[in-house]
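Please treat every number below as a calculation from the coordinates, not as lab data. Every value quoted in this text rests on a predicted model; they were computed, and no experiment measured them. A quick note on method: Cβ atoms are made from the backbone with ideal geometry, for glycine too, and the neighbour counts reach across all protein chains shown.
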Ligand SMILES: Cc1ncc(COP(=O)(O)O)c(C=O)c1O
């Protein structure tokens, strides 16, 4: 039998390794919620919001029920709605676009930078310089895979064109752009605490962050059916509150997230060393036969939510790794503009060549704080075998 076929399995993510050392502390936090019976919002969520805002360096944070709802809340609280267009990326999780549509606004897409997979400011600027049927009022860059979008350029575009900047920071807890944390860069930001995220809840949860007192006040009102006073509805909001259990769990994990993100950096660095030692690395942005590695943009701090390589025979490599029980994931196989549900946006194949090419070449490898060096060696050895 081939040596790689007898090698150890490597999980894409193993949350049990994070849970075991926190077991007692998490149980005590959950017990406190049960003792106080504060199941929705209340002190467990308020305490998490204060600690989270402090850690991000923002004035306000509002816990809510998912990252998807956080995006909708951030947009709606920033005053985005019908008759306004928002520019975002076609290469992200679906919610980056569907939240714009849920807010009643028009979604306009612009192509990505092939080196970072993030929304390209140059394609956004080209769109802003063309007449649009619906006036553009905001840009929604996504800090994809934990790497901040080029905020220097987006801040300039926002200022020049009088636009709101909404961050999709769902994948970017702990990322920084020139010393400022993701979540503190724009007018409002949305985080997801979906269990696979760097900072994760025990179920669905999300959060809006903002430096604006007005956005904060509106987000709090909109997450509770548009109520400022109980049973007096000023606007049509929605029920998108955070559960007390999630607030309690997140408050515990917040104490450890910087250390976990530091370990993710170590894992990313080790992948770089292992791939270079194996002679598999090609200069980017496009691969021809080997592997193009992700890099940290100068002046920024990558949160290494995902470690995404580019490789030309991606699907075959994905299958090869799966046969050896080595985890890998394709984020994302179909760009958002080619999704069945969004045909109505009017885009087609060829509309965004960089996003479409990335969708054929990207492969996320296992990365999490507790991933061991021997497991990484197994991953890289299997890829070397596939490419040999
Ligand atoms: C970039 C991005 N935006 C939005 C979301 C939505 O977050 P949630 O799954 O918590 O609704 C996610 C997470 O899946 C995401 O990765």
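Which order do peptides 303-310, 356-363 fall in by mean Cβ count within 10 Å, highest first?
Top to bottom by mean Cβ count within 10 Å: 303-310, 356-363.
What FRET efficiency comes out for residue 159 versus residue 59 if R0 is 25 angstrom and r is the Cβ-Cβ distance? Round to the nearest 0.05.
Using R0 = 25 Å, I get an efficiency of 0.80.
Given R₀ = 56 Å, FRET efficiency for residue 8-residue 232 by Cβ-Cβ distance, to 0.05?
0.40
Using label points projected 7 Å from each Cα along Cα→Cβ, tell me how many nm separate residue 225 and residue 372, to one decimal.
5.2
What would the Debye equation give as log₁₀ I(q)/I(0) for the chain at q = 0.11, 0.15 Å⁻¹, counting only Cα atoms as equal point scatterers?
Cα-only, vacuum Debye calculation for the chain: -0.79, -1.36.
Using all alpha carbons of region 21-92, what is the percent of pairwise distances in each 10 Å bin, ordered from the shortest bin to the longest?
Cα pair-distance distribution for region 21-92, in percent: 15, 33, 31, 15, 6, 0.
Please report the equivalent ellipsoid semi-axes of region 101-176, computed as sqrt(5 x eigenvalue) of the Cα gyration tensor, largest first, in whole Å.
21, 14, 12
For residue 258 and residue 132, compute 0.36 nm times the residue count separating them, minus their Cα-Cα distance, and round to one decimal in nm.
41.1 nm
Sorted by average packing, counted as other Cβ atoms within 10 angstrom per residue and highest first, what order do 28-35, 214-221, 68-75 take? Could you put the intermediate results ahead of the total?
Values: 28-35: 14.4, 214-221: 20.8, 68-75: 29.6.
The most tightly packed comes first, giving 68-75, 214-221, 28-35.
Specify whether the C-alpha gyration tensor of region 263-388 places it in the rounded, prolate or oblate class, a ≥ b ≥ c being the square roots of the eigenvalues: rounded for a/c under 1.5, otherwise prolate if a/b is larger than b/c and oblate if not.
prolate
I want to check the label-to-label distance for residue 289 and residue 341. Put each point 7 Å from Cα in the C-beta direction and report it in nm to one decimal.
Label-label distance for residue 289 and residue 341, simple model: 4.2 nm.
Please work out the Cα center distance from region 163-196 to region 14-57, rounded to the nearest Å.
Taking the Cα centre of each part, region 163-196 and region 14-57 sit 21 Å apart.
List residues of region 144-183, by number, whose backbone nitrogen lies under 20 Å from a label position 7 Å along Cα→C-beta of residue 298.
Under cut-off, by backbone N: 147-156, 176-180.
Is the shape of region 62-157 best called rounded, prolate or oblate, per the rule: a/c under 1.5 gives rounded, else a/b larger than b/c gives prolate, else oblate, with a ≥ b ≥ c the square roots of the Cα gyration tensor eigenvalues?
oblate
Please work out how much length the chain gains when fully extended from residue 269 to residue 94, using 0.36 nm per residue of separation minus the C-alpha to C-alpha distance, in nm with one decimal.
60.0 nm
How long is the gain from residue 313 to residue 22 if the chain were fully straight, where each residue apart is worth 0.36 nm and the alpha carbon distance is subtracted?
Numbers: separation 291, 0.36 × 291 = 104.76 nm, distance 4.00 nm.
Extra length available between residue 313 and residue 22 comes to 100.8 nm.
Quickly rank 167-173, 88-94, 16-22, 49-55 as a protection proxy: mean count of other C-beta atoms within 10 Å, highest first.
167-173, 88-94, 49-55, 16-22
Please work out the C-alpha center-to-center distance from region 338-388 to region 59-91 and express it in whole Å.
26
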